[in-house]
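One structure is given here, and the rest of the page talks about it.
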Amino acid sequence: MAALKRSRVAEMSRLKLFYRLMLRPSFREPVRLTVTVLAVAFGVAVVLAIDLAGNAAAGSFHSSMETLAGDNDLEVVAPGGVPESVVATLATYPSALRVSPRMEDFAVLEDSQQTLPLIGVDLIAEGTRYAAAQSDHSPPDSATSGKHALQRLTDPQSIWVSSNLHKPAGEKVSLLVNDRVYECTIRGVYPDESGSENAILMDIAGAQRILNRFGRVDRILIKLPPGDAIEKSAAELKSVLPAGVEIRPQGTGTDENRKMLAAFRWNLRLLSYIALVVGAFLIYNTISVSVVRRRAEIGIVRALGASRVDVLIAFLGEAACFGVAGAFLGLPLGRVMASGAVKLMALTVESLYVSSRPGSIALTPFSILWALLIGVGVSVISALSPAREAMNVSPTDAMAQGRREYIARTNMWRDLLIAAGLAFFGVLSAGMPAVAGKPLFGYLATVLLIAASGYSMPALVTFLSWATSGLLKKLVGVEALLAARSLTAALRRTSVLVAALATAVAMMVSVGIMVGSFRQTVVSWMNDQLPADLYLRPAGDPAADRHPTISLDLTEKIAALPGVSAVDRLRAYEISYQGKPATLASVDLRVLRSYRSSDFFSGRPTEVVLSQLRGQNNVIVSEPFTYKHAVKAGDTLTLALGESRASFKIVDVAYDYASERGYILMDRETMLRYLPDPTPSNLAVFVTPGANVEDVRRRIQEIAAGHRILIFSDRDLRTEAIRIFDRTFAITYALEAVAVFVAVMGIAGAFVALVIDRRRELGLMRFLGASSAQIRKLILVEAGLLGFLANLAGFVLGYFLSLILVFVINKQSFGWTIRFHWPVTVILAALSVVYVATILSGLYPAEVAVRLNPLGVIHEE
Amino acid sequence: MSILSFQNVSKHYDTDGQTVVALNDISLEVERGEFVALVGRSGCGKSTLLHLAGAMDFPSAGVVLLSGNSTSSLDDAGQTRLRREKVGFIFQSFQLLHTLTVQENVELPLLLAGRANPRQDALERLHWVELDGLASRYPHQLSGGQMQRVAIARALVHSPAILLADEPTGNLDTSTGVVILTLLQRLTREQKTATIMATHSVEASAVCDTLVRMRDGRFEEVTRR
């Protein structure tokens, strides 16, 4: 008991000492304290925001088509739809199955342009809860009475909507489905407080009519009797189903999409960690400065009985306090940032992957704990090295030196050797293959190169300062000489600051090069992908997995227009191949087209490759497809199509950047043999030579009245495609901006600390005749030099990181071949902005320096 | 006319509501080439007097005239000009910049003033203080006495009218301190610079022309040789 009491007293004493010696002095430097805490806060916030947004946009992924799917066990699917006969087969199967056929597509609310799932279910069998919702209390003879609602079940103009849409029963709405607008009446509203079941519901027959898909359903959901094993039941049911139909656990599509999105999420995570790395550099710098300033105090407390471990824990504790404060600040900041991030991510997910509706952002206890762990963990790890240095301070040496400056030693050559080793292993890692489809070695290479860059900073700072100080003195004046010498005098501190900013700049440069290369590759690729004069698609927001169709009658009318020489009917279906989503597409090879160059792995002319598809079971696959499924030209694919399974030979592989899902392309005639629906998803119109394209466009617009069709010229399409492309990278640009902001802010704070630590020198300068302007210039030149060093180092590091991004991470994550391209203007502009920002960050520290009282600082000793 | 004149000068500071009188109605005239030693205990006002003389601080009452001009009338630019042209400072702890070589330290005031030929002038001053051959060394490679000589060379590089030395031998051993004092005396006479030195050193009284004993901000005794 006495021992416990003594222990408690000792603990309280330690805490008191910790507060007095470590924390209270920090409050006397509010700028440095604020900047350090904010650096941690932003790092935590960004990581948290990306995680929360990722979970909302994709992680707790809820495909739009899982809306109202209930808790079924199995689903039956087939490209192009499941024959209705399968419904009867399942319904009459000798087992108490609950069979729910569905039509599934998308509709756009004309008033709000909101795209929602359009789901057709057998309302009589299962939809009474929807049909009767909110209509029971209406007068019996009104349009919304329960009796009338049931009577209108099969009316394709009758729809039911979720309460989340905030539209009352009885309201008329215009729905864009494929290329037509339908005037519909809301017959009922079903409860949906969370908004997770927001959809447009109608009777299945009505849906078939409105979608013009007769004789087929899109999916059949099956609920097994209690106790029946899912896999066994699936195998048994498979035996009675046609060969071209697939039976699988319900929600498999969701799982497939979730896996597909994993690479995208991991890459975003990596980018978000860069802001944290920048914050880590700044924490390291702060604690290092703290150790240097407190050398005499460390000597005193050691002489008074503190152990080395006490000193170590004190500095780690200081770092942990920064981490905790930063984490708590980062939590609400991250939550706010997540709201913006989820919107940007949802755009990317929709454009590149799959239609989805972001879930709600959930700040769970786990997320909070994770944020705390990141904040404290990163801070403590960053502080480890300077804290260890503090614990090894010799008391007598520290006290004998008094308050004289102690210049922390850096072992430049040793650090350079470490840097070389890290770079070597980084290069090795970059050459390693993917692990389970993830570019883990690519990520490792990135980390190793960033670490190598950090270790090489002392040498870079020393060499460049030495090499340029003479020239700078001539060009800028003695202030530049002093600035250059100051940077090398506080080498450890300077190199950490340069490393922090360089890391942020490298991220900016590497992503800029990667995006620029990708963009240029897509632009070059598009030059040969768009041989037609005009392109048509149904109105509405495009998405990777949505392929609304154009009415057949409109298609025929367009083909018959004067000035139109040919119309290529393209059709696409979403399928699942080897458990991964893919697109099955067809083009009309009777339409002759000319191409400027080859986009195939074989390098053969496009006309030659396409001719091999005509009328045969041959296909072309896209590069992402080959990567995901490890196939190549000459291999055979077996696809479940229609009521059978058919084999197709891959004749070549095409470079494609339209979607990450990967596609299989065949001749239209071949596809119609298996999937007889002739309606096209897109039309490519070839204008007769000599005819005016604009005239033809006008004629198409005239005959398309009543349809919602978008018409693009090839230039329009290129612009639209690039617009979508740029939109998908909005989230990465946001992450870069945060990292650079954290770094520049950190530099500003560190500069204030530098000024305070150099007050003797700055005071002396005033004694020697330096004017206020010269003092200010000195600090700004130093900031400029630091910015220049960081830009240079960041540019070089960014170049190497971009090689890893382009040729390793991107390739292994998505399968795309990107041709390297320098976006010179973008990079120069970005580097200039960072450089100017760095100089501006020196403005406040410069004013602090100018306002120093030289009398006070000179006589401090 | 005296190069430096204190006329009924007082200086007080307000610290946390308390008034501290650093100088109390002192008057002093210093001529060119005169070596003045200020002696007294810590806190008697020696350093304050030096700061007022160098226009680093300003009197609360009275007038400080430097070359006939009142220092209180100077704005920031005027003060800077004064320090560049008329005043040189020497400190107890030398106050050299460790990132610069000996030569660069001495050149610094000339470079700040934008003067031509700083190298030549710096080397000449290093010759005056008998440190030829050490121009390319760094301060940490020098002894205490050598560092103070560099500081003296720096203080004289722009040929100031007044040299203000605050405990220049305070961090030196006795024999080195004597060497420094002798050097200061010689340079004062040769360059016709007025030197005012605050010191605890007994040896200082042997080299100065005027000894001013200070106590509690006042002159106790002024002895001219």
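The values are calculated or read from the model by the stated rules, or taken from the named source; none is laboratory data. If you're wondering where the values come from, they're calculated on a predicted model, not measured in any experiment. No Cβ is skipped: glycine too gets one built from the backbone with ideal geometry, and neighbour counts run over all protein chains shown. Side chains are part of the model used for accessible areas, which takes the heavy atoms of the whole protein and leaves out ligands, DNA and RNA. Shrake-Rupley method; radii C 1.70, N 1.55, O 1.52, S 1.80 Å.
Scoring B:T99 on the criteria (1) facing another protein chain (nearest Cβ under 10 Å); (2) within 20 Å of the chain's Cα centre (by Cα) leaves a single failure, condition (2).
Of all residues in the range A:498-531, those that are part of a helix (DSSP H, G or I) and more than 28 Å from the chain's Cα centre (by Cα) total 1. There is at least one residue in the range A:703-722 that is away from chain B (no Cβ under 14 Å), open to solvent by less than 40 Å² (accessible area, probe 1.4 Å), farther than 30 Å from A:V609 by Cα and not in a loop (DSSP other than H, G, I, E, B). Given the criteria under 17 Å from B:A194 (Cα atoms), in a strand (DSSP E or B) and either away from chain A (no Cβ under 13 Å) or in contact (Cβ under 8 Å) with a residue 60 or more places away in the chain (or both), does B:L50 qualify? Considered against the rule, which asks whether it is under 17 Å from B:A194 (Cα atoms), in a strand (DSSP E or B) and either away from chain A (no Cβ under 13 Å) or in contact (Cβ under 8 Å) with a residue 60 or more places away in the chain (or both), B:L50 comes out as no. Of all residues in the range A:80-115, those that are surrounded by 22 or more Cβ atoms within 10 Å (Cβ to Cβ) and part of a loop (DSSP other than H, G, I, E, B) total 1.
Here is a yes/no grid of residues against (1) open to solvent by less than 40 Å² (accessible area, probe 1.4 Å); (2) more than 29 Å from A:V509 (Cα to Cα); (3) among the β-branched types (V, I, T):
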site	(1), (2), (3)
A:V278	yes, no, yes
A:A296	yes, yes, no
A:A306	yes, yes, no
A:A314	yes, yes, no
A:L333	no, no, no
A:M337	no, no, no
A:V349	yes, no, yes
A:T364	no, yes, yes
A:I381	no, no, yes
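Quick check, is A:M12 more than 32 Å from the chain's Cα centre (by Cα), of a type in the set (A, V, I, L, M), modelled with pLDDT of 80 or more and over 30 Å from A:L270 (Cα atoms)? Spelling it out, it is not the case that A:M12 is more than 32 Å from the chain's Cα centre (by Cα), of a type in the set (A, V, I, L, M), modelled with pLDDT of 80 or more and over 30 Å from A:L270 (Cα atoms). Any residue that is of a type in the set (S, T, N, Q) and not in a loop (DSSP other than H, G, I, E, B) - is there at least one of those in the range A:732-752? Yes, the range A:732-752 has at least one match.
Among the residues of the range B:12-47, the one identified as farther than 26 Å from B:T188 by Cα, part of a loop (DSSP other than H, G, I, E, B) and either within 16 Å of the chain's Cα centre (by Cα) or within 14 Å of chain A (Cβ to nearest Cβ) (or both) is B:G43. Within the set A:S622, A:S647, the sole residue that is free of Cβ contacts under 8 Å to residues at least 60 places away in the same chain, touching a strand residue (DSSP E or B) at 6+ places or on another chain (Cβ under 6 Å) and surrounded by 21 or more Cβ atoms within 10 Å (Cβ to Cβ) turns out to be A:S622. Scanning the range A:662-702 for residues that are closer than 25 Å to A:E110 by Cβ and assigned to a strand (DSSP E or B) yields A:N682, A:L683.
Selection of the range B:173-195 for residues being more than 27 Å from B:S5 (Cβ to Cβ) and among the charged types (D, E, K, R) yields only B:D173.
Residue-by-condition table, conditions (1) of a type in the set (A, V, I, L, M, F, W, C); (2) farther than 24 Å from B:K46 by Cβ:
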{"site": "B:D132", "(1), (2)": "no, yes"}
{"site": "B:R149", "(1), (2)": "no, no"}
{"site": "B:I162", "(1), (2)": "yes, no"}
{"site": "B:L172", "(1), (2)": "yes, no"}
{"site": "B:I180", "(1), (2)": "yes, no"}
{"site": "B:R189", "(1), (2)": "no, no"}
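Evaluation of A:T817 against the conditions (1) open to solvent by less than 10 Å² (accessible area, probe 1.4 Å); (2) assigned to a loop (DSSP other than H, G, I, E, B) shows that the sole unmet condition is (1). Annotation: A:A737 fulfils all but one of (1) free of Cβ contacts under 8 Å to residues at least 40 places away in the same chain; (2) closer than 30 Å to A:G856 by Cβ; the unmet one is (2).
Residues of the range A:596-629 that are part of a loop (DSSP other than H, G, I, E, B), modelled with pLDDT of 90 or more and small (G, A, S): A:S602 alone. Each residue in the range A:66-79 was checked for being outside any loop (DSSP other than H, G, I, E, B), out of contact with any Asp or Glu (no Cβ under 6 Å at 6 or more places or on another chain) and either farther than 23 Å from A:R258 by Cα or open to solvent by 10 Å² or more (accessible area, probe 1.4 Å) (or both), and 1 of them qualify. When residues in the range A:755-772 are screened for being open to solvent by 10 Å² or more (accessible area, probe 1.4 Å) and either more than 9 Å from every other protein chain (Cβ to nearest Cβ) or in contact with a Gly (Cβ under 8 Å, 6 or more places away or on another chain) (or both), 4 of them pass.
Taking the criterion of being among the aliphatic types (A, V, I, L, M) and either under 17 Å from A:G80 (Cβ atoms) or touching a Pro at 6+ places or on another chain (Cβ under 6 Å) (or both), the residues of the range A:632-668 that qualify are A:L637, A:L639, A:A640, A:L641, A:A646, A:I664, A:L665, A:M666. Only one entry in A:T488, A:T468, A:T521 is closer than 30 Å to B:L111 by Cα, away from chain B (no Cβ under 14 Å) and surrounded by fewer than 24 Cβ atoms within 10 Å (Cβ to Cβ), namely A:T468. Scanning the range B:108-157 for residues that are within 14 Å of chain A (Cβ to nearest Cβ), assigned to a helix (DSSP H, G or I), open to solvent by less than 10 Å² (accessible area, probe 1.4 Å) and in contact with an Asp or Glu (Cβ under 8 Å, 6 or more places away or on another chain) yields B:L110, B:A122.
Could you check the range B:195-225 and list, in sequence order, the residues that are among the acidic types (D, E), under 25 Å from B:A155 (Cα atoms) and out of contact with any Phe, Trp or Tyr (no Cβ under 8 Å at 6 or more places or on another chain)? Result: B:E203, single match.
Yes/no per residue for (1) under 25 Å from A:L21 (Cβ atoms); (2) not polar (S, T, N, Q):
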| site | (1), (2) |
| --- | --- |
| A:V291 | yes, yes |
| A:I300 | yes, yes |
| A:S307 | yes, no |
| A:I313 | yes, yes |
| A:A325 | yes, yes |
| A:V349 | no, yes |
| A:W370 | no, yes |
| A:V378 | yes, yes |
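Within the range A:784-803, is there a residue that is of a type outside the set (S, T, Y), within 14 Å of chain B (Cβ to nearest Cβ) and free of Cβ contacts under 8 Å to residues at least 12 places away in the same chain? Checked against the condition, which is being of a type outside the set (S, T, Y), within 14 Å of chain B (Cβ to nearest Cβ) and free of Cβ contacts under 8 Å to residues at least 12 places away in the same chain, the range A:784-803 yields no hits at all. Confirm whether A:V587 is over 22 Å from A:H547 (Cβ atoms) and open to solvent by 10 Å² or more (accessible area, probe 1.4 Å). Spelling it out, it is not the case that A:V587 is over 22 Å from A:H547 (Cβ atoms) and open to solvent by 10 Å² or more (accessible area, probe 1.4 Å).
Condition first: modelled with pLDDT of 85 or more, under 21 Å from the mean Cα position of the chain (by Cα) and in a helix (DSSP H, G or I). Can you find one or more residues in the range A:233-253 that meet it? Taking every residue of the range A:233-253 in turn, none turns out to be modelled with pLDDT of 85 or more, under 21 Å from the mean Cα position of the chain (by Cα) and in a helix (DSSP H, G or I).
Number of residues in the range B:59-90 that are open to solvent by 20 Å² or more (accessible area, probe 1.4 Å) and free of Cβ contacts under 8 Å to residues at least 24 places away in the same chain equals 9.
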